[in-house]
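Q: Dropping the structure in here first, questions after.
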Ligand code: SF4
């Protein structure tokens, strides 16, 4: 079956006072219905800009967005801002790290959820209010009828995040983008919110893109994972394969720097060095000056030629080592 979402060679750049910033430089992702894919990367890896592009939030801005974002075969990148409005909230919804930024401070939470429903459904205010109360109940907010009238600041952080999930899912979107949804919460509440997302996904069949810097979160809830570095997708795999057999040297470094895994091997190894400047991308591999394996590739290919994403059994990696021939040559 055709994938529900297919991103092909997505690129995003925008002008700044310092020059053009190349924020996303080749993002590929395939997502089946009902699946969860994690997008992992450090800050500046392009993961948040990727989700903004998916939501169409870069339309009518100075950003240049190229490539395809195929949702059920429709390329969202070709839609105008007006056309995109019919999709946003109804087919694709988003939740953020900070629910307060997405909610109006002066309106009751329930009324905001009801309004989000009425944007895409022609129903009375009363009917929408009932939908909102039901939704608050479904996300585990106790006494939803009474909490309907509460204001965002009257909710705890965890409850606010639940309310934002209710607002995002009220129109039963096909795709939910969750950008660091649990980063601001304490560990117990984090686990509750991730469980809730899993539960609702089982009920509704919504596909989820979970944007995070935390591989532990990915291990817990995702089926697939895409690792981003310097605005490029450097590896995509099932979660099981990524943890068992990481192919890209950057992913290998990330795994070695995870506290829980490193405790088992007895070492915590943060990757030395810094991500590349997105203002002046080098010709070679974007990871070259931090990569402990660059010396294994002959002819300084790492420093002079950008590797492509090379697929092996549905587990592609963007590294010259993937194409190294037995003779030591890099395939051209
Ligand atoms: Fe390292 Fe070279 Fe592979 Fe880049 S292409 S990840 S520098 S080995």
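Q: Give region 52-77 a look and list any residue that's within 12 Å of residue 23 (Cβ to Cβ) and under 14 Å from the mean Cα position of the chain (by Cα), or say none.
A: Those that are within 12 Å of residue 23 (Cβ to Cβ) and under 14 Å from the mean Cα position of the chain (by Cα): 52, 53.
Q: What is the residue count in region 298-308 for residues that are surrounded by 19 or more Cβ atoms within 10 Å (Cβ to Cβ) and within 20 Å of residue 245 (Cα to Cα)?
A: Let us first name the residues in region 298-308 that are surrounded by 19 or more Cβ atoms within 10 Å (Cβ to Cβ), namely 301-302, 307.
Add one more test, that the residue is within 20 Å of residue 245 (Cα to Cα), and what stays is 307.
Summing the residues that are surrounded by 19 or more Cβ atoms within 10 Å (Cβ to Cβ) and within 20 Å of residue 245 (Cα to Cα) in region 298-308 gives 1.
Q: Something else now. In region 225-241, is there at least one residue being in contact with a strand residue (DSSP E or B) (Cβ under 8 Å, 6 or more places away or on another chain) and in a helix (DSSP H, G or I)?
A: Checked region 225-241: at least one residue is in contact with a strand residue (DSSP E or B) (Cβ under 8 Å, 6 or more places away or on another chain) and in a helix (DSSP H, G or I).
Q: Search region 280-322 for residues being on the phi > 0 side of the Ramachandran plot and in contact (Cβ under 8 Å) with a residue 24 or more places away in the chain, and hand back the single one that is nearest to the ligand (Cβ to nearest atom).
A: Taking region 280-322 as the starting set, the residues that turn out to be on the phi > 0 side of the Ramachandran plot are 299-300, 313-314.
Filter once more, keeping what is in contact (Cβ under 8 Å) with a residue 24 or more places away in the chain: 299, 314.
Working: 299: 11, 314: 20 Å.
Among those that are on the phi > 0 side of the Ramachandran plot and in contact (Cβ under 8 Å) with a residue 24 or more places away in the chain, it is 299.
Q: Oh, and also: Pick from region 88-134 the residues that are without any contact (Cβ under 8 Å) to a residue 12 or more places away in the chain and in a helix (DSSP H, G or I): which of them is surrounded by the most Cβ atoms within 10 Å (Cβ to Cβ)?
A: Only one residue fits best here, namely 118.
Q: Within region 170-211, track down each residue that is surrounded by fewer than 18 Cβ atoms within 10 Å (Cβ to Cβ), under 16 Å from residue 97 (Cα atoms) and in contact (Cβ under 8 Å) with a residue 60 or more places away in the chain.
A: 183, 184
Q: Checking residue 84 against (1) more than 20 Å from residue 180 (Cα to Cα); (2) surrounded by 15 or more Cβ atoms within 10 Å (Cβ to Cβ); (3) in contact with a strand residue (DSSP E or B) (Cβ under 6 Å, 6 or more places away or on another chain); (4) modelled with pLDDT of 90 or more, only one condition comes out false. Which one?
A: Unmet for residue 84, out of (1) more than 20 Å from residue 180 (Cα to Cα); (2) surrounded by 15 or more Cβ atoms within 10 Å (Cβ to Cβ); (3) in contact with a strand residue (DSSP E or B) (Cβ under 6 Å, 6 or more places away or on another chain); (4) modelled with pLDDT of 90 or more: (3).
Q: If you check residue 53 against the conditions, is it crowded, with 19+ Cβ neighbours inside 10 Å and either touching a helix residue (DSSP H, G or I) at 6+ places or on another chain (Cβ under 6 Å) or outside any helix (DSSP H, G or I) (or both)? Working first, answer last.
A: Details: crowded, with 19+ Cβ neighbours inside 10 Å: yes; either touching a helix residue (DSSP H, G or I) at 6+ places or on another chain (Cβ under 6 Å) or outside any helix (DSSP H, G or I) (or both): no.
No; evaluated as a whole, the condition is false for this residue.
Q: Based on what the data block shows, is residue 143 at pLDDT below 90 and more than 23 Å from residue 119 (Cα to Cα)?
A: Working: at pLDDT below 90: no; more than 23 Å from residue 119 (Cα to Cα): yes.
Spelling it out, it is not the case that residue 143 is at pLDDT below 90 and more than 23 Å from residue 119 (Cα to Cα).
The values are calculated or read from the model by the stated rules, or taken from the named source; none is laboratory data. None of these values were measured; they are calculated from a predicted model. Here the Cβ is made from the backbone with ideal geometry for all residues, glycine too, and neighbour counts use every protein chain on show.
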